[in-house]
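Please read the structure below before turning to the comments.
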Amino acid sequence: MLPNRVVQAAAKSVLQQLVTQITPHSTEASIAEIAAQLLAESGYPDTWYYDCPAFVLLGSRSVLSVSGRDYRPSHEAVGEHNLITVDLSPRSGNVWGDCARSFYVEEGVCRAVPTGAEFSKGYEVEHRLHAMMRTFARPGTTFNDLHAFANDLIASEGFENLDFAGNVGHSICEQRDQRLYIEAGNHRRLEEVTCFTFEPHIREQGGRWGYKHENIYSFNDAGEPSEL
């Protein structure tokens, strides 16, 4: 079993717990603090992503794409209606986790799955992108080809890629500067890395909300991407 699976499981568990912790009075800063505390209580006080174990964006900032090197959480309250993205990057030694989810606050209630129409399309498109990636990506697929496939899908759904570098994921490795990105011009093959993230950060054309859903994948014995 990949050691990353254990760290990733902790990140997923913290994200599940966060749903019940987010209230209309929460802020990016308070959510990030709670998430970091939950990670530490799970045995993962360290992060591989600069000094940013929990990268939280909400409201109009949900469409921002900035490096964790430059990230500063805001103190704007969630309120009664909002979208929040939380991206966790715990590590244990040189073993990484990397997991992001969007949360939906409707009438003051935070949910992992939206019930209203406003957020539902973005939620559904994110899950469709992951499902289609799993049908397309194979060990011999290049990072460049997966980038082109994902961005064509994003556009066909009426959305745009918000990532500041235009990528939709990266390899999981031991040092930040070793990462290979799912980006145009990278003709390395996915089979050259142990596992990779898929994390399209998208907005509906003309929309106000930025959606993100991130998992780590490795190839199973059948040569298909399998979620950690």
Full-stretch length increase - SER226, VAL6 - with 0.36 nm per residue and alpha-carbon distance subtracted: 77.7 nm
- prompt: Does a label point 7 Å from the Cα of GLU33, set along Cα-to-beta-carbon, have any residues of the range 46-86 with amide nitrogen under 18 Å, and which are they?
  reply: 52-58, 72-79
- prompt: Per residue, how much accessible area does the chain show when a 1.4 Å probe rolls over the protein heavy atoms, in square angstrom?
  reply: 44
field: Mean shadow area of the range 24-121 over all directions, Cα convex hull, nm²
entry: 6.4
query: Normalised by the residues of the range 3-227, what does the relative contact order come to in percent, with Cα pairs under 8 Å and at least six apart?
result: 20
- prompt: What is the Cα coordinate range of the chain on the first, second and third principal axes, sorted by size from largest, in whole angstrom?
  reply: 47, 40, 31
field: GLU107 paired with SER156, simple spin-label distance in nm, labels 7 Å along Cα-to-beta-carbon
entry: 3.7
query: Got a number for carbon plus sulfur as a percent of the range 3-227's accessible area, 1.4 Å probe?
result: 47
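The values are calculated or read from the model by the stated rules, or taken from the named source; none is laboratory data. Since we're looking at a predicted model, the values are computed, not measured. As a convention, Cβ positions derive from the backbone with ideal geometry for all residues, glycine included, and neighbour counts pool all protein chains shown. Just the protein is used for accessible areas: all its heavy atoms, side chains included, with ligands, DNA and RNA removed. Shrake-Rupley method; radii C 1.70, N 1.55, O 1.52, S 1.80 Å.
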